[in-house]
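> This structure is in structure tokens; I'll ask about it shortly.
The values are calculated or read from the model by the stated rules, or taken from the named source; none is laboratory data. Owing to the predicted nature of the structure, the values given are computational and were not obtained by experimental measurement. Neighbour counts are summed over all protein chains in view; Cβ atoms, including those assigned to glycine, are modelled from backbone coordinates with ideal geometry.
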Amino acid sequence: MKVSFKELGLVNTREMFAKAVKGGYAIPAFNFNNMEQLQAIVQAAVETKSPVILQVSKGARNYANQTLLRYMAQGAVEYAKELGWKKPQIVLHLDHGDSYELCKSCVDFGFSSVMIDASSLPYEENVKLTRKVVNYAHKYDVTVEAELGVLAGVEDEVSSAVSHYTKPEEVIDFVKKTKCDSLAISIGTSHGAYKFTPEQCTRDPKTGKLVPPPLAFDVLKAIEKKLPGFPIVLHGSSSVPQEYVDMCNQFGGNLPNAIGIPEEQLRKAAKSAVCKINIDSDSRLAMTGAIRRHLAENPGHFDPRQYLKPAREEMKKMYEHKIINVLGSNGKAR
Ligand SMILES: [Zn+2]
């Protein structure tokens, strides 16, 4: 049975993004797979009065079950109301949809936004598939994020990283032909907690810590010039906070050289046409760090609530910090 996102109390990204581009801030897009993450996201959004995008990836669907995640998102809207948010500005978004069928099933299932990621296909095929998804989604007022350019991953060769950047000369044609509502671009962000190899980084002579290469702001600027006011999305934008990496490592973990995107760079991006910033790894690190610490300090505990509670608190703290100090979306909810 089909259901509209509107019946579930969700919103699409259209108005949210228009306001964010104009206001020089970005909307947080946090991935979730479980209840504690969802509680932390909703609590943080309510307390900071920030609009928020709940993201479900293919991996999350496989892990938690799509039906359960859908109802959890629906529950999140009701939970937000219970916490005092009269008209929650919550989007349920499919992250990295890789086929028309998957996107269609999410639209039918009550998602208010979907991403079709055909960025690995040749340009014309990316246009064709994206257009097909847009045609279906727009019938139901569901907004669509598309992608041009390929995000560098940790396995990529340094020398090929540049050629993966989004080509500014393609964006006008792509947006015109596909009618997508927002565009994910590649300017040097990357998925995961190991965004760069030590060889790609320099070392701070004072602290000896790795300093990642800067984002390609010239590419971002060129894209903004081609598409004035058009919503731009950054994937792979966790900063991999050193305190959480240290917390994991101090209590039995082994995450050598985990490294992310410095928050100053994300803050700078948020002030531009970038209006959605995806953060996933930081939540994983906060949760794992807190659980490791709790169990190391309390070896007798075996009730999951005992260690999931501090994990939830740590994630909430992290989400609030991102909203207030990195994205600037606090106070922007209606
Ligand atoms: Zn992504």
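> Pairs please, first residue from segment 268-291 and under 14 Å from residue 317 (Cβ atoms) and more than 15 Å from the ligand (Cβ to nearest atom), second anywhere and of a type in the set (A, V, I, L, M, F, W, C) and part of a helix (DSSP H, G or I), Cβ atoms under 6 Å, 6+ apart in sequence or on different chains.
Cβ pairs passing all conditions: 286/315; 286/318; 287/311; 287/315; 289/247; 289/248; 290/311.
> Right, here's the next one. When residues of segment 84-96 are filtered for being surrounded by 15 or more Cβ atoms within 10 Å (Cβ to Cβ) and touching a residue at least 60 places away in the same chain (Cβ under 8 Å), how many remain? Even if it seems obvious, please write down each step before you answer.
Quick first cut of segment 84-96, residues surrounded by 15 or more Cβ atoms within 10 Å (Cβ to Cβ) only: 85, 88-96.
Now narrow it down to the ones that are touching a residue at least 60 places away in the same chain (Cβ under 8 Å): 85, 88-93, 95.
Total satisfying the criteria: 8.
> Looking at the structure I just gave you, is residue 220 closer than 18 Å to residue 21 by Cα, assigned to a helix (DSSP H, G or I) and within 16 Å of the ligand (Cβ to nearest atom)? Spell out how you get there, then give the answer.
Values: closer than 18 Å to residue 21 by Cα: yes; assigned to a helix (DSSP H, G or I): yes; within 16 Å of the ligand (Cβ to nearest atom): no.
For residue 220, the condition - closer than 18 Å to residue 21 by Cα, assigned to a helix (DSSP H, G or I) and within 16 Å of the ligand (Cβ to nearest atom) - is not met.
> Another one. Among the numbered criteria (1) over 20 Å from residue 130 (Cβ atoms); (2) within 16 Å of the ligand (Cβ to nearest atom); (3) modelled with pLDDT of 95 or more, which one does residue 194 miss?
It is condition (3) that residue 194 fails.
> State the number of residues belonging to segment 124-141 that are away from the ligand (no atom under 16 Å from the Cβ) and either touching a strand residue (DSSP E or B) at 6+ places or on another chain (Cβ under 7 Å) or at pLDDT below 95 (or both).
To start, the set of residues in segment 124-141 that are away from the ligand (no atom under 16 Å from the Cβ) comprises 124-125, 127-129, 131-141.
Filter once more, so that each one left must be either touching a strand residue (DSSP E or B) at 6+ places or on another chain (Cβ under 7 Å) or at pLDDT below 95 (or both): 129, 133-134, 137.
So the count comes out to 4.
> Mind checking which residues of segment 256-287 are assigned to a strand (DSSP E or B) and more than 25 Å from residue 23 (Cβ to Cβ)? Explain how you work it out, then say what you get.
Applying the first criterion (assigned to a strand (DSSP E or B)) to segment 256-287 yields 259, 274-279.
Once the filter is applied, which keeps residues that are assigned to a strand (DSSP E or B) and more than 25 Å from residue 23 (Cβ to Cβ), segment 256-287 yields only 259.
> Can you confirm whether residue 253 is more than 16 Å from the ligand (Cβ to nearest atom), farther than 25 Å from residue 113 by Cα and small (Gly, Ala, Ser)?
On the way: more than 16 Å from the ligand (Cβ to nearest atom): yes; farther than 25 Å from residue 113 by Cα: yes; small (Gly, Ala, Ser): yes.
Taking the combined requirement at face value, the residue satisfies it.
> Right, another one. Are there any pairs, at least 6 apart or on different chains, whose C-beta atoms fall under 7 Å, with the first in segment 233-255 and assigned to a helix (DSSP H, G or I) and among the aromatic types (Phe, Trp, Tyr) and the second more than 16 Å from the ligand (Cβ to nearest atom) and at pLDDT 95 or above, and if so, which?
Going by the 7 Å Cβ cut-off, the qualifying pairs are 244/285; 244/286; 244/289.
> Let me ask something additional. Would you confirm, using the coordinates I've provided, whether residue 328 is loosely packed, with under 15 Cβ neighbours inside 10 Å and either free of Cβ contacts under 8 Å to residues at least 12 places away in the same chain or more than 16 Å from the ligand (Cβ to nearest atom) (or both)?
On the way: loosely packed, with under 15 Cβ neighbours inside 10 Å: no; either free of Cβ contacts under 8 Å to residues at least 12 places away in the same chain or more than 16 Å from the ligand (Cβ to nearest atom) (or both): yes.
The answer is no for residue 328.
> While we're looking at this one, here's another question. Is one or more of the residues making up segment 97-120 assigned to a strand (DSSP E or B), buried (at least 24 other Cβ atoms within 10 Å of the Cβ), in contact (Cβ under 8 Å) with a residue 24 or more places away in the chain and more than 16 Å from the ligand (Cβ to nearest atom)? Spell out the reasoning first.
First pass over segment 97-120, keeping only residues assigned to a strand (DSSP E or B): 97, 113-116.
Retained after the next criterion (residues that are buried (at least 24 other Cβ atoms within 10 Å of the Cβ)): 97, 113-116.
Still in the running and in contact (Cβ under 8 Å) with a residue 24 or more places away in the chain: 97, 113-116.
Of the ones still in play, those that are also more than 16 Å from the ligand (Cβ to nearest atom) are none.
Checked against the condition, which is being assigned to a strand (DSSP E or B), buried (at least 24 other Cβ atoms within 10 Å of the Cβ), in contact (Cβ under 8 Å) with a residue 24 or more places away in the chain and more than 16 Å from the ligand (Cβ to nearest atom), segment 97-120 yields no hits at all.
> With respect to residue 184, determine if the residue is assigned to a strand (DSSP E or B), touching a residue at least 24 places away in the same chain (Cβ under 8 Å) and more than 23 Å from residue 324 (Cβ to Cβ).
Numbers: assigned to a strand (DSSP E or B): yes; touching a residue at least 24 places away in the same chain (Cβ under 8 Å): yes; more than 23 Å from residue 324 (Cβ to Cβ): yes.
Criteria met by residue 184.
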